[in-house]
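Contents: one structure, followed by commentary.
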Amino acid sequence: MGWNSWNKFGCDIDEAKTLGALQALAEFLEYGYSHFNLDDCWMSPNRTIEGKYAADPDRFPSGMKALGDHMHSLGFKFGIYTSAGTMTCERLPGSLGNEEADAQTFADWGVDFLKYDNCYNQGIPSIHRYPAMQGALNQTGRPIFFSMCQWGAEDSWQWAPAVGNAWRTTGDIRPNWRSIRYNFWQSKFD
């Protein structure tokens, strides 16, 4: 089990809030919570000169490697977010066309889990975009759990098992019963 920053903080995430949430969640490790996942808005609005991801220097001044090391020291696995498009859902740099560089950056930071979203995908079929990141992650040699946040579009349940470790079959679930119930009935039971 794990925790994701989105429903609590949305794009209003930073290092101080992350460290606070880590401290608060540390007591749940004994109950099976093992993943701490940073969702959208952790990254700088611009890639480095080398074309790599960097943490937003104002939000995360210590950087992702240090944050990941801290998560690991507490016993958490480090999860991170990006999109299989040119931008993330919050219009920050996505990984489309940068899969190898981004996968290696994540491996270098010690990332254990990747949530890979579907925003700004340029109309390129998922079956072409998601395997590109799968291959790039595998090339790093680091075992990174690949969670495809593909919303169940394009019959993902038919091809996703060969690509990712997990995949979504619905849109976003909000923290309320109406949203949970709606998404439950949208799920495919094939």
Using only the alpha carbon atoms of segment 55-109, find the Kirkwood hydrodynamic radius as the inverse mean reciprocal pair distance, in angstroms to one decimal. 12.2 Å
Tell me which cysteines of the chain come out unpaired when the rule is another cysteine's Cβ under 4.7 Å. 149
Added length on full extension, which subtracts the Cα-Cα distance from 0.36 nm per residue, residue 34 to residue 157: 41.7 nm
At 4 °C and a viscosity of 1.567 mPa s, what translational diffusion coefficient does Stokes-Einstein give for segment 50-154, taking Rh as the Kirkwood radius over Cα pairs? Give it in µm²/s as a whole number. 93 µm²/s
For residue 16 and residue 170, compute 0.36 nm times the residue count separating them, minus their Cα-Cα distance, and round to one decimal in nm. 52.3 nm
Calculate the radius of gyration of the Cα atoms of segment 26-82 to one decimal place, then report Dmax, the largest Cα-Cα distance, as a whole number, both in Å. 12.9, 43
How large is the helix-only mean residue ellipticity at 222 nm for the chain, computed as the sum of -39500 (n - 2.57) over DSSP H runs with n ≥ 4, divided by its residue count, in deg cm²/dmol to the nearest 500? -10000 deg cm²/dmol
In nm², what is the average projected area of the convex hull enclosing the Cα atoms of segment 81-120? 2.5 nm²
Across the chain, how many lysine pairs, 8 or more apart or on two chains, come within less than 22 Å at their alpha-carbon atoms? 12
Going 7 Å from the Cα of residue 179 in the Cα-to-Cβ direction, what parts of segment 61-93 have a backbone nitrogen less than 17 Å from that spot? 89-90
Two decimals is fine: what's Rg over Rh for the chain, C-alpha atoms, Kirkwood radius as Rh? 0.95
Calculated FRET efficiency, residue 128 and residue 46, Cβ-Cβ r, R0 30 Å, to nearest 0.05? 0.70
If contacts are Cα pairs under 8 angstrom and at least 6 residues apart, what is the relative contact order of segment 76-190 in percent? 22 percent
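Quick note: the coordinates plus some simple rules give every number you see, no bench work behind them. All values derive from a computational prediction rather than experimental measurement. Don't worry about glycine lacking a Cβ; one is built from the backbone with ideal geometry, like all the others, and counts go over all protein chains shown.
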